[in-house]
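Structure, as structure tokens:
The values are calculated or read from the model by the stated rules, or taken from the named source; none is laboratory data. For clarity, every value in this text was computed on a predicted model and none was experimentally measured. Counting neighbours? That spans all protein chains shown, and the Cβs are built from the backbone with ideal geometry, glycine included. Just the protein is used for accessible areas: all its heavy atoms, side chains included, with ligands, DNA and RNA removed. Shrake-Rupley method; radii C 1.70, N 1.55, O 1.52, S 1.80 Å.
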Amino acid sequence: MPSLKISVVIPFYNTPLEYFKACIESVKKLKPYEIIIVDDCSSDLELVNFAKDIGCKYIKTAYQSGFDGHPFNVGVKEAKGDYICRVDSDDLLLELPTKMDCDIHFGNADRGNMASKLTVEELILAPRAILNAIVIKKELLFQYTLPEDANVFADILVVLRLLHNQHTYDIHESINYIYKTRKFYSNISVTFST
């Protein structure tokens, strides 16, 4: 169990229930300080009812934003932990750091170390999702909120701002984040316990 007070924020909108259950189960196994799930006004009532009853902090946004920046920022504002970890609602989180010697701890995804080559040139020439499984000091997310505009590559903008302001970071040594694929989910069975 991590000794850090990490609030895991999981924005969601009409995520397939099977994927959402697997995501929540993977995060619950890690026993973070708290799990905050932020509903961006999903229309899938089975999913919404499940989300309300799984023992996590459930928040619904005031409007459907169409982009995860808004629901993530809403979750950050409600978080009680000292650090925030971001997880997509259809992916799996395998590990959290047990200590933080820097401002930012980037996750290491199964589709290649997405946080490698953190240079301005590399981020501009090869933009990619990089904030999944990030663990970051909460106060930095008040300073560098995720853009809420779907026309902006939020991950890249936030990381460029963090690098520009010389915040310290490290990268998880082993793979700790799995992106969903239909092939992956067709090979697992999820038994959810509340």
Considering the range 130-154, residues that are over 21 Å from residue 63 (Cα atoms) and among the aliphatic types (A, V, I, L, M), and then whichever is modelled with the lowest pLDDT, we arrive at 130
Considering the range 65-87 alone, what residues qualify as being open to solvent by 30 Å² or more (accessible area, probe 1.4 Å) and modelled with pLDDT under 95?
65, 66, 67, 68
Scan of the range 33-59 for residues that are surrounded by 15 or more Cβ atoms within 10 Å (Cβ to Cβ) and among the basic types (Lys, Arg), ordered by number
57
